[in-house]
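Remarks on the structure that follows.
The values are calculated or read from the model by the stated rules, or taken from the named source; none is laboratory data. Quick caveat: nothing in here was measured; it's all calculated off a predicted structure. So basically every Cβ, Gly included, is an ideal-geometry build from the backbone, and we count neighbours across all protein chains shown.
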Amino acid sequence: MKFVVLLMADGDEKAWDQQTPEEQAAVMQRFGAFDEACAAREGVSILAGEALQDGDAAATVRTRDGQLSVTDGPFAEAVEQLGGFYLIEVPDRNVLVELLTELPAYDMQISPVVEGM
């Protein structure tokens, strides 16, 4: 099964560029541990994953009555901001949830991918 994992920053965390090199190294160590745990697990593949720029760099694209509009900023006004994502293939959701414990303490949304489209 494929899942998209959305990593949500809660707004209380320091921005990446405001962290000390030691804090950044600790975060990167957790991501490395996640990568290693996935590689060691049979049937698990990280298909894609990226960190995203701050929500201020985002744009929202909407179509209403056939008209496309682009607005600067994320879709919703929220404390949480989308910080990154993974596309990952796992045998089942339980395996994914177990592996996600290796990541830094984010709020995460996991959604199964529709196969065969």
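Here is a check on your reading of the model: is residue 39 in contact with an Asp or Glu (Cβ under 8 Å, 6 or more places away or on another chain) and without any contact (Cβ under 8 Å) to a residue 24 or more places away in the chain?
Working: in contact with an Asp or Glu (Cβ under 8 Å, 6 or more places away or on another chain): no; without any contact (Cβ under 8 Å) to a residue 24 or more places away in the chain: yes.
Taking the combined requirement at face value, the residue does not satisfy it.
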Item to check | Count of segment 3-62 residues which are assigned to a loop (DSSP other than H, G, I, E, B) and at pLDDT 95 or above | outcome: 4
Checklist entry - Can you find a residue in segment 52-65 that is within 19 Å of residue 4 (Cα to Cα), of a type in the set (Asp, Glu) and in contact (Cβ under 8 Å) with a residue 24 or more places away in the chain? => result no
Checklist entry - Which one is modelled with the lowest pLDDT among residues in segment 63-117 that are surrounded by 10 or more Cβ atoms within 10 Å (Cβ to Cβ), in a loop (DSSP other than H, G, I, E, B) and among the acidic types (Asp, Glu)? => result 80
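Conditions (1) within 28 Å of residue 92 (Cβ to Cβ); (2) touching a Ser or Thr at 6+ places or on another chain (Cβ under 7 Å); (3) surrounded by fewer than 14 Cβ atoms within 10 Å (Cβ to Cβ), marked per residue:
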residue: 9; (1), (2), (3): yes, no, no
residue: 21; (1), (2), (3): no, no, yes
residue: 36; (1), (2), (3): yes, no, yes
residue: 40; (1), (2), (3): yes, no, yes
